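> Can you read through this structure? Questions will come right after.
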Amino acid sequence: MIITKKALPRRTFLRGVGAVLALPLLESMAPAMARAAEIQRPAQRLFVGYVPNGVIMDKWTPRAAGGNFTFPASLEPLEPFKEKVSVLSGFACKPAMPQPGEGTGDHVRASAAYLTGAHPKKTEGADIFCGESMDQMAANHIGDTTQMRSLEVALDPNELIGACEAGWSCAYANTLSWRNETTPLPMENQPRAVFERLFGDSNDNSLAAKEARLFEERSILDSLLTEVARLQKTLPQHDRQKIDQYLDAIRDAERRIEIAEHSNIELPQMERPAGGIPDTFAEHARIMFDLQLMAFQTDITRVITFMMSREVSPRSYPELGIPDPHHGLSHHQDNPRQMEKLAQVNRHHVEQLAYFMDKLSNTQDGEQSLLENIVMLYGCGISDGNKHLHTDLPVLLAGGGSGTLQGGRHIRVTEETPISNLQLTMLQNFGVQRDVLGDSTGTISGLFNS
């Protein structure tokens with residue numbers, strides 16, 4: 001270790017023509033003696049992943065509690081990360097349940113209540129009302145020093161308006177994140193738009209501007225090459241290699257986005273959204289996960305909420321040999337063949353989560369990996385989609401929590417414990433001073449070491 005008084009600022013940017021690029025954490029960003037103190041307090045990060053329509057629970061929930069458990073089929077892709085994953089069972093989202101006279105709406109209530117712990121107001125109009133979401137509470141605390149307080153992304157189109165279930169506004173189904181009781185935050189599903197938000201410096205997102213950019217086929221990094229070359233001369237070999245790897249990842253992301261934008265392949269049973277969307281669910285999920293990785297790696301944001309699909313999603317998975325719409329499969333009526341298809345979809349979603357965890361585990365963040373310095377919540381506001389149950393929810397808690405979170409466990413809580421209790425516990429571990437979140441009744445002991 002070379003001890004020097006010279007150091008780059010932690011938030012170092014490279015700037016070129018129409019481009020700004022945040023750098024990942026480098027050894028050169030602090031003198032060695034100062035870094036020892038920083039390593040004691042690694043940046044905390046939060047990821048919330050959501051999947052809709054419920055899961056096949058006996059393919060999800062381990063039979064044994066404690067540390068001596070086996071992942072069921074839907075969770076098997078997480079086996080390499082078992083020591084960083086806890087399966088939690090017994091939680092409920094009671095605010096998603098219908099109040100007298102409300103009737104249908106279990107799906108939109110599930111997504112609206114999942115992070116708010118609040119029962120949304122039944123309306124098809126503009127007078128929507130729910131509650132501040134847990135991710136935004138975290139962003140107010142751990143995201144106040146970052147370039148972006150939070151990032152909200154999705155894979156399904158975000159253009160739905162009107163009623164998504166009888167009497168219920170699509171605003172409740174389009175997002176998990178609420179700035180306050182009346183302000184839902186939009187989720188972006190276009191990889192190019194996310195990329196430009198993270199790395200672009202242009203306010204012109206018109207179709208003409210995008211077509212001109214594609215016609216020129218010029219990388220956003222081209223205008224930064226001189227600045228990168230100048231910086232590289234000042235860095236030790238290890239940091240030069242890290243920047244090279246990071247720039248390669250950005251170029252690869254650009255390449256994949258441009259391939260999607262030029263693709264004319266028609267998706268079966270799906271209307272291609274405007275812009276460039278990769279042709280399969282996995283391709284789309286992985287490019288979005290790669291963008292999220294870079295957002296965390298550069299400390300552009302520390303809070304990301306990701307809807308891998310929307311409630312009542314009609315998406316089909318022909319690449320899996322499943323032409324049936326997802327929502328239809330969830331109403332399987334206990335048909336074993338349909339249930340098996342839904343379990344395949346559930347596992348496919350988890351495979352993409354495993355891809356992201358692998359990326360996080362192989363990305364250094366100071367002396368640890370990003371996986372060690374993150375808390376990940378993954379699950380759904382419905383357990384049995386056939387019955388629209390909001391009890392015994394499928395819930396995963398993963399990551400190292402900057403040294404505070406232990407994995408490798410299946411934890412059963414008291415039946416119908418509010419999932420808001422779990423989220424309040426997470427917030428308090430981040431240092432958020434709150435005693436109540438939505439319908440919470442307390443916190444969960446033994447999850448975190450802090």
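> Which residue is surrounded by the most Cβ atoms within 10 Å (Cβ to Cβ), if the candidates are limited to the stretch 287-343 and must be assigned by TED's automatic domain parsing to the domain that holds residue 381 and small (Gly, Ala, Ser)?
Per the criteria, the residue is 330.
> With respect to residue 439, determine if the residue is crowded, with 19+ Cβ neighbours inside 10 Å, acidic (Asp, Glu) and either touching a Leu at 6+ places or on another chain (Cβ under 8 Å) or more than 29 Å from residue 80 (Cβ to Cβ) (or both).
Criteria met by residue 439.
> What are the pairs, 6+ residues apart or on separate chains, where a residue within the stretch 66-88 that is in contact (Cβ under 8 Å) with a residue 60 or more places away in the chain has its Cβ under 6 Å from a residue that is polar (S, T, N, Q)?
74/346
> Given the residues 426, 376, which is the only one that is crowded, with 18+ Cβ neighbours inside 10 Å, touching a residue at least 40 places away in the same chain (Cβ under 8 Å) and either assigned to a helix (DSSP H, G or I) or not assigned by TED's automatic domain parsing to the domain that holds residue 322 (or both)?
None of the other options fit; the residue is 426.
> Related question: Can you tell me which residue in the stretch 344-379 is nearest to residue 301 (Cα to Cα), limited to those that are of a type in the set (A, V, I, L, M) and touching a Pro at 6+ places or on another chain (Cβ under 9 Å)?
357
> A follow-up question, please. Given 346, 362, which one is free of Cβ contacts under 8 Å to residues at least 12 places away in the same chain and out of contact with any Gly (no Cβ under 8 Å at 6 or more places or on another chain)?
362
> Just to verify a result, which residue in the stretch 403-423, among those that are among the small types (Gly, Ala, Ser) and touching a helix residue (DSSP H, G or I) at 6+ places or on another chain (Cβ under 9 Å), is surrounded by the most Cβ atoms within 10 Å (Cβ to Cβ)?
Within the stretch 403-423, the match that is surrounded by the most Cβ atoms within 10 Å (Cβ to Cβ) is 420.
> Identify all residues within the stretch 317-337 that are in a helix (DSSP H, G or I) and over 13 Å from residue 54 (Cβ atoms); write none if there are none.
Scanning the stretch 317-337 gives 318, 319, 320, 336, 337.
Residue-wise test of (1) under 22 Å from residue 185 (Cβ atoms); (2) of a type in the set (A, V, I, L, M).
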{"position": "309", "(1), (2)": "yes, no"}
{"position": "312", "(1), (2)": "yes, yes"}
{"position": "317", "(1), (2)": "no, no"}
{"position": "323", "(1), (2)": "no, no"}
{"position": "338", "(1), (2)": "no, no"}
{"position": "343", "(1), (2)": "no, yes"}
{"position": "348", "(1), (2)": "no, no"}
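The values are calculated or read from the model by the stated rules, or taken from the named source; none is laboratory data. None of the values given here were measured: they were computed from a predicted structure. Because the Cβ atoms are built from the backbone with ideal geometry, glycine has one as well, and the counts that use them run over all protein chains shown.
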